[in-house]
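One structure is given below, encoded as structure tokens.
The values are calculated or read from the model by the stated rules, or taken from the named source; none is laboratory data. Computed from a predicted model, the values in this text were never measured in an experiment. Backbone-built Cβ (ideal geometry, glycine too); neighbour counts: all protein chains shown.
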Amino acid sequence: MEFDAIREYLPLYAEAFKLTVTIGWIGIALSLVIGIAGAFIMYFRIPVLCQITKAYVELFRNTPLLVQLFFIYFGLPKLGLSISSGTCGAIGLGLLGGSYMAESIRSGLFAVSESQKTGAASLGFRRGGMFFYVILPQAVSISVPSVIANVIFLLKETSVFSAISLMDLMFTAKDLIGLYYKTTECLTLLVAFYILMLLPVSILGSIVEKKVRFGMYGS
């Protein structure tokens, strides 16, 4: 292990880390917006949109992110629509994540028992009030673990961004290994930066999950 090489490569990894995290979280934010909208459409069974949403979920959950990125980055220019690699990465991650988020949130909504709805109706709740004050809080509590797992999954999926020439962590590691053959040093830095990216999310997610569940079921 050559520590001089690690110190030399550290700034390059820091830049790649910043880019990876930025695009990753933009994609995750987009996936949450798509997921919430999709879950509500499926829960309320909005005609036409419900069928389109279900088809979208099945399509994106059953195709690899790499294939989706290739289609967006290399396929869309054939149709006259060219986008940057960074935008492609964020959109691809958002579309993939949206399919998982929609299913997670939808499952949480449908997991609320009918007895809860019957009880709310007997207390005089109208449909809108029942949804926002009875169903939605419980659905959020149920969905939180799955949503957090999806966030971690999406951050790990950023490792395929290098396939569309995005200077992310994986691209930087492969580039430096190809140039200088410092495989151990480059991979050590790669692992360290991915841990730095994922571990805080995992810890924070556990805290949020406990707080949400305590808020729902605590005294």
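In the stretch 30-75, what residues are of a type in the set (A, V, I, L, M) and within 18 Å of Ser85 (Cα to Cα)?
Of everything in the stretch 30-75, those that are of a type in the set (A, V, I, L, M) and within 18 Å of Ser85 (Cα to Cα) turn out to be Leu30, Leu65, Leu66, Val67, Leu69, Ile72.
Which residue out of Glu114, Glu103 is among the charged types (D, E, K, R) and within 25 Å of Ile203 (Cα to Cα)? Don't jump to the end; show me each part of the working.
Numbers: Glu114 fails: within 25 Å of Ile203 (Cα to Cα).
Of Glu114, Glu103, the one residue that is among the charged types (D, E, K, R) and within 25 Å of Ile203 (Cα to Cα) is Glu103.
Given Ala29, Ala16, which one is more than 20 Å from Tyr100 (Cα to Cα) and at pLDDT 95 or above?
Ala16
Could you pull out the residue among Ile41, Ile34, Ile28 that is under 26 Å from Ala192 (Cβ atoms) and among the β-branched types (Val, Ile, Thr)?
Exactly one residue qualifies, and that residue is Ile28.
Do we have Arg106 as of a type in the set (D, E, K, R), more than 18 Å from Lys18 (Cα to Cα), out of contact with any strand residue (DSSP E or B) (no Cβ under 6 Å at 6 or more places or on another chain) and at pLDDT 95 or above here?
Here the answer is yes, as Arg106 does meet what is asked.
Is it the case that the stretch 23-33 has a residue that's surrounded by 13 or more Cβ atoms within 10 Å (Cβ to Cβ), more than 17 Å from Ser146 (Cα to Cα), touching a helix residue (DSSP H, G or I) at 6+ places or on another chain (Cβ under 6 Å) and free of Cβ contacts under 8 Å to residues at least 60 places away in the same chain?
Checked the stretch 23-33: no residue is surrounded by 13 or more Cβ atoms within 10 Å (Cβ to Cβ), more than 17 Å from Ser146 (Cα to Cα), touching a helix residue (DSSP H, G or I) at 6+ places or on another chain (Cβ under 6 Å) and free of Cβ contacts under 8 Å to residues at least 60 places away in the same chain.
Is there any pair linking a residue in the stretch 43-66 that is over 22 Å from Ala111 (Cα atoms) and without any contact (Cβ under 8 Å) to a residue 60 or more places away in the chain to one that is among the charged types (D, E, K, R) and surrounded by fewer than 14 Cβ atoms within 10 Å (Cβ to Cβ), with Cβ under 7 Å and at least six apart or on different chains, and which?
Short answer, once both residue conditions are applied: none.
So, in the stretch 163-198, of the ones that are surrounded by fewer than 16 Cβ atoms within 10 Å (Cβ to Cβ) and hydrophobic (A, V, I, L, M, F, W, C), which residue ends up modelled with the lowest pLDDT?
Within the stretch 163-198, the match that is modelled with the lowest pLDDT is Leu179.
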